Amino acid sequence: MEAIAPDLLARLKSAKHVAVLTGAGVSAESGVPTFRDAQTGLWAKFRPEDLATPEAFRRSPKLVWDWYQSRSYSVAAVEPNQGHVALAVMQDLFPQFTLITQNVDGLHERAGSRKVIELHGNILKHKCLDCGMPLSLTDAPPGSPPACPCGKSCYRPDVVWFGENLPIEALDAAQAAARDCDVFLSVGTSTVVYPAAELPFSAQRRGAAVVEINRDATPLSAQADYVLRGASGKILPLIIDALQAD
Ligand code: OAD
């Protein structure tokens, strides 16, 4: 793991707006399996297209419902880690701070982040498959998805499935933050899934310093202004310590 470079620290200290994009790596230390890691055991025989598309849900609602219920239970059973906590601390250290996530696990909110732009939705939230109305589900028994009060269709998880568009308001807000920020942190994301992967490049074109925090190299690594190689649960708290040191 590397120390925080003095010039990076100086850029952070003078930043008016810091934007952060997180991916599955941020939740890895909490034990949240990535989509493919989660496809073990009972679920190993299914391909992502069998479980995470609108067509799959219409074809086999019970199967897809049970799969998402099992993912929700795994997420509910884990805790935010030091990386999530550090990002929640960070929101009060800059005049403006924007947290954008591709994760659907809700762990940023649970760690105390007040406003999170969720680009790919949230598995703990639901909406109607047909009318799109947000629906709350306090008790989610396994079995078939409950019917929507609209009478036309049923509950579905409020996540972005393969072949679906990202929620436009969330995408607009994320792109605006990328254009406006002085420092952009790309944390625990493979930077391969668009349009989220475009955000750090867009920030850099507008003059922001781009910092990659990742255990492994990604397509962003060669272009990032700073690369901090290691676990986000270790590096993000180091940034907080450095910012608060004097
Ligand atoms: P990926 O699983 O593609 O990438 C996770 C990244 O985190 C990899 O680059 C790992 O090397 C890195 N990593 C793992 N553990 C880490 C740790 N402890 N600290 C720092 N980095 C670590 O996840 P995403 O980039 O989030 O989309 O994937 C993007 C999207 O692809 C997902 O949101 C999902 C998927 O298709 C949808 O569901 C729409």
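How would you classify the chain from its alpha-carbon gyration tensor, with a ≥ b ≥ c the square roots of the eigenvalues: rounded for a/c under 1.5, else prolate if a/b is greater than b/c, otherwise oblate? Cα axes put the chain in the prolate bin. Ordering Trp67, Gly106, Ile239 by Cα displacement along the dipole of the chain toward the positive end leaves Trp67 in first place; charges were set at the Cβ atoms of Lys, Arg (+1) and Asp, Glu (-1). Note on the chain: with charges restricted to the Cβ of Lys and Arg (+1) and Asp and Glu (-1), its dipole about the Cα centre is near 420 debye. Each pair of Cα atoms in the range 178-246 enters the Kirkwood radius, and Stokes-Einstein at 25 °C and 0.890 mPa s then converts it into a translational diffusion coefficient of 199 µm²/s. If you take the Cα centroid of the range 120-172 and the Cα centroid of the range 41-80, the two points sit 13 Å apart. The residue list Leu171, Leu135, Leu220 was ranked by how far each Cα lies along the charge dipole of the chain toward its positive end, using unit charges on Cβ atoms, and Leu135 comes out on top. Each of Leu185, Leu129, Leu137, Leu119 was scored by other Cβ atoms within 10 Å of its Cβ. Arranged with the fewest first, they read Leu137, Leu129, Leu119, Leu185. In plain terms, the residue of His17, His126 with the fewest other Cβ atoms within 10 Å comes first and the most crowded comes last, giving His17, His126. Sorted ascending by nearby beta carbons within 10 Å, beginning with the fewest, Thr138, Thr101 become Thr138, Thr101. Computed from point charges on the beta carbon alone (+1 for Lys and Arg, -1 for Asp and Glu), the dipole magnitude for the range 35-137 about its Cα centre is near 200 Debye. Under the convention that each Lys and Arg Cβ holds +1 and each Asp and Glu Cβ holds -1, the size of the dipole of the range 136-228 around its Cα centre is about 160 debye. Excluding Phe162 itself, what net charge comes from residues whose Cβ is under 11 Å from its Cβ, given Lys and Arg +1 and Asp and Glu -1? Once positives and negatives cancel, what remains is -3.
What's the extension gain from Arg179 to Arg229 if we count 0.36 nm per residue and subtract their Cα-Cα distance? Walk me through the numbers before you get to the answer.
Numbers: separation 50, 0.36 × 50 = 18.00 nm, distance 2.50 nm.
Full-extension gain reported as 15.5 nm.
If both residues of a DSSP beta bridge must be in the chain, then about 25% of such bridges are antiparallel. Pairs exceeding 24 Å between alpha-carbon atoms, taken from Lys62/Lys125; Lys45/Lys127; Lys62/Lys127; Lys62/Lys152; Lys13/Lys234; Lys45/Lys152: Lys45/Lys127; Lys45/Lys152.
Readers should treat all values here as calculations from the given coordinates under stated rules, not as data from a laboratory. Computed from a predicted structure; not experimentally measured. Using ideal geometry, Cβ is built from the backbone for each residue, glycine included, and neighbour counts are taken over all protein chains shown.
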